[in-house]
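The values are calculated or read from the model by the stated rules, or taken from the named source; none is laboratory data. None of the values given here were measured: they were computed from a predicted structure. A quick note on method: Cβ atoms are made from the backbone with ideal geometry, for glycine too, and the neighbour counts reach across all protein chains shown. These accessible areas exclude ligands, DNA and RNA; they are computed on the full protein's heavy atoms, side chains included. Shrake-Rupley method; radii C 1.70, N 1.55, O 1.52, S 1.80 Å.
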Amino acid sequence: MAQTPNHVDLCLSATGEVETGTIAGRQWATKNQYGARAARLKGELKKSLRRAVAGLVPLLIGVAAPNPAHAAEFELTIDNGSARTWSEGLLTTAPILNLGAAPRPGVPEYNTYAYIHRTCSISDGGCSGSQCDNGNAQLLATRWAGDGIAIGENAWIVPELSAGETARMAFQAEPGARVYYVARVKDSLDDFVALHEVGDTSTLGAGLFDSNELPTPAVEFEISGYDVASRDASNGNGSSCSSECPPPKKRCYVAAGNGTAGGTYPQPLHDTMTLDWRTVIEGRYSDGIALGDVMEGGGREIVVVTQNDEYVGGSSWVGLGTVAVLRADIGSLRSLFLNINIGPDFGERDFMGFPLVEHLSDTDSQAEYMVGENVLMTASPGGTVHVRRGNGDGLWSSQPWGMPGMWNMGPSSADLRSGASNSGAEIVIGDWEGQVGVVQSDTGLPLNTLDVWEELSDHPYGHTSIGDVAPTHPGQEIVQAGVFGSLWALSAPDSDGALDVAWQGFYPEGYPYASGPALADVDGDGTNEIVVAVKAPGAVYAFDTTHGTTCKYRWDAPAGSDYSWTSPVVGDVDGDGSNEVVVLSSTGILSVLAPSATAPAAGTCAYGVTEYSRLIGNGVVAWFTPALANLAGSDAPDVVVATFRTLEVIDVAAQQLAFRYNDASANFYPSALVEAGESSGSIIVSGWLNGAVSRLSTPAGSPVPGEDWPTFMGSNDRRGAR
């Protein structure tokens with residue numbers, strides 16, 4: 001297993017000190033205390049961090065290294081386009097016959113020779129009569145069993161095909177494998193058919209993987225006729241030695257040349273996406289990105305949050321957070337915001353997480369962007385959330401927050417309060433230190449807050465989602481997952497003051513590790529579920545606040561691994577009229593999940609089903625949250641998903657790969673954006689270690705998505721649903 005760098009969670013001071021800050025005349029206290037439990041966690045994380053930094057070079061090298069090889073699924077269509085009938089055949093990933101000199105009795109290939117040659121038979125327990133092995137693929141597989149052939153594992157029986165008939169065969173193969181097919185031409189002495197690469201009848205079999213060990217877009221092959229009793233090594237139409245069986249009086253050959261033909265191209269052909277541009281922000285780690293119109297001049301921009309952590313020994317770090325604003329069409333830099341000397345004693349401060357693009361000011365024609373600081377080990381004065389116009393000018397800053405910028409964290413926005421004190425959307429900030437707050441969008445002033453560590457004994461990690469999940473409470477709720485395995489929904493009153501706790505739930509086991517919730521109705525009962533993926537044991541849970549404090553549905557390790565650094569999304573991706581849950585494991589396995597057919601009784605948690613799963617690329621590390629957009633042309637949204645080196649668009653409705661882009665150095669993370677263009681769809685994705693942002697276009701003539709997926713989890717309320 002390749003070693004990969006671990007993001008490290010950092011708590012602030014555990015001394016119990018209370019620090020105060022003033023925002024526009026308001027006193028606001030933040031507590032840097034977690035008790036003995038958090039102090040132990042802090043110590044463990046600091047040790048992990050130091051180990052990670054000390055081993056940074058080998059760890060970074062490990063990012064691009066693939067995990068052990070994984071099988072990929074193929075679907076082969078075998079078409080008898082000839083005028084003759086083909087016997088029952090054997091499809092296999094093991095070569096069972098070579099061109100050239102006819103095999104001698106006693107070697108495994110002679111089993112295949114006898115299967116084809118009418119006058120050559122083998123007497124054993126499976127066949128003792130004349131010609132009883134001719135065209136008997138089951139017997140052929142049995143005779144090969146001692147040499148590694150196993151039906152259902154690396155070999156499959158293809159039924160007899162009359163002229164014009166077709167068989168479709170689904171099978172799995174490991175990277176590096178080739179596929180072979182052999183069938184006897186019935187009513188012939190010595191003719192058979194086999195597949196080969198297009199235009200090349202000199203070598204039986206066809207390749208399944210490319211040089212990167214990725215499944216080929218389509219396994220292109222032809223089926224042609226061959227002769228096992230030719231006297232010419234290169235021409236099966238030559239003089240025959242058909243009455244001879246090896247060892248022959250006259251030398252015989254297995255050769256190409258007979259004229260029967262057929263065959264198709266199995267998997268639906270996928271296309272490679274085009275790299276329109278790639279912009280590298282030197283010396284930075286690209287984190288989250290968002291798409292929006294934040295500058296004058298037409299078009300839209302991409303807002304890129306970058307980190308620049310530098311470890312200087314002991315517990316000391318220096319960092320300089322940066323926000324780059326790029327033109328979405330060509331990737332050129334439009335502005336740069338360097339987080340230097342923001343307030344007294346701040347110095348250089350780092351950013352982390354994903355940005356928010358929202359129209360916050362009535363006086364600005366363009367939207368603004370918002371980013372949160374990652375203050376690392378600096379306990380005071382806490383982190384700041386900055387709102388900037390596209391040119392870098394400030395609108396407002398809000399502080400102190402305890403690390404509002406962490407991996408897969410960032411501000412959210414929605415219209416939470418109907419009171420006249422704040423018209424339009426409010427901003428929701430969750431921070432690692434334990435606070436969740438609602439602030440006024442045009443000033444950054446706090447409206448409602450709650451110290452969830454003090455009140456609920458947990459603290460946030462992962463993004464905050466906003467939606468109606470508690471029907472007994474008016475309006476929408478703020479939904480957040482906690483580090484220690486709890487989940488809560490908070491309600492914002494119209495008046496200023498504390499947030500109300502509308503509901504709190506608990507995981508059966510595990511905890512979300514930089515993963516946030518998706519909100520959608522997954523079972524069609526009219527109430528939105530809260531869907532969360534957890535690290536160990538790699539489970540996915542759906543909660544319904546009307547169902548109780550425990551999960552309503554669960555999927556245990558649907559991909560056999562954990563869900564660190566990734567969040568679920570929800571949508572009708574198979575076009576059946578019902579929503580599915582879409583998750584990607586850290587080992588690059590995409591899973592599409594559905595609830596149980598029968599809703600569970602109150603207080604119980606029913607097991608759901610995995611409707612579809614697929615290995616992305618060749619299974620390297622994945623810290624990626626899927627995006628949903630209709631790019632392949634079916635009525636359902638497709639899934640845009642990536643490992644560190646391969647980005648794919650999966651048409652779940654057709655259960656096939658639509659588009660792919662592969663780059664071993666890409667470091668794709670944490671998610672993709674989709675922009676609906678005029679002639680094609682554009683996918684914008686950042687790279688973590690390489691500081692890169694790339695824009696990919698789907699092939700010319702491919703469908704244009706009807707709407708954007710412009711930010712992490714698809715919208716500013718972070719629901720992750722379409």
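Accessible area per residue was computed with a 1.4 Å probe on protein heavy atoms; residue 147 scores about 90 Å². From the alpha carbon centroid of region 270-306 to that of region 479-513 is 33 Å. Annotation: aspartates and glutamates with alpha-carbon distance below 14 angstrom to residue 250 (same-chain offsets under eight excluded): 232.
Accessible surface ranking for 151, 281, 1.4 angstrom probe, highest first: 151, 281. For region 104-189, the per residue solvent-accessible surface stands at 46 Å², with DNA, RNA and ligands left out and a 1.4 Å probe.
Take the solvent-accessible surface of the protein heavy atoms, probe 1.4 Å, and return the percent of it on region 395-471 that carbon and sulfur atoms account for.
C and S fraction of accessible area: 43 percent.
For region 383-447, the solvent-accessible area works out to 22 Å² per residue, with a probe of 1.4 Å and every protein chain left in place.
Solvent-accessible surface of region 622-722, averaged per residue with a 1.4 angstrom probe and all protein chains in place: 24 square angstrom. Across region 158-202, counting alpha-carbon atoms alone, Rg and Dmax equal 12.9, 38 Å. Taking only protein heavy atoms and a 1.4 Å probe, the accessible area of region 597-672 is 47% carbon and sulfur.
Summing charges over all other residues whose Cβ lies under 13 Å from the Cβ of residue 589, with Lys and Arg as +1 and Asp and Glu as -1, gives -2. Per-atom-type breakdown for region 62-204 gives carbon and sulfur 46% of the accessible area (1.4 Å probe, protein chains only). Across 140, 689, the residue with the most accessible area heads the list, and the full order at a 1.4 Å probe is 689, 140.
Cross-link partners of residue 535 among aspartates and glutamates, defined as those whose alpha carbon lies under 19 angstrom from its own and excluding same-chain residues fewer than eight positions apart: 9, 44, 458, 509, 556, 562.
Karplus-derived 3J(HN,Hα) values for region 392-408, using 6.51 cos²θ - 1.76 cosθ + 1.60 with θ = phi - 60°, are x, 5, x, 9, 7, 10, 10, 6, x, 10, x, 6, x, x, 9, 4, 6 Hz; glycine and proline are entered as x.
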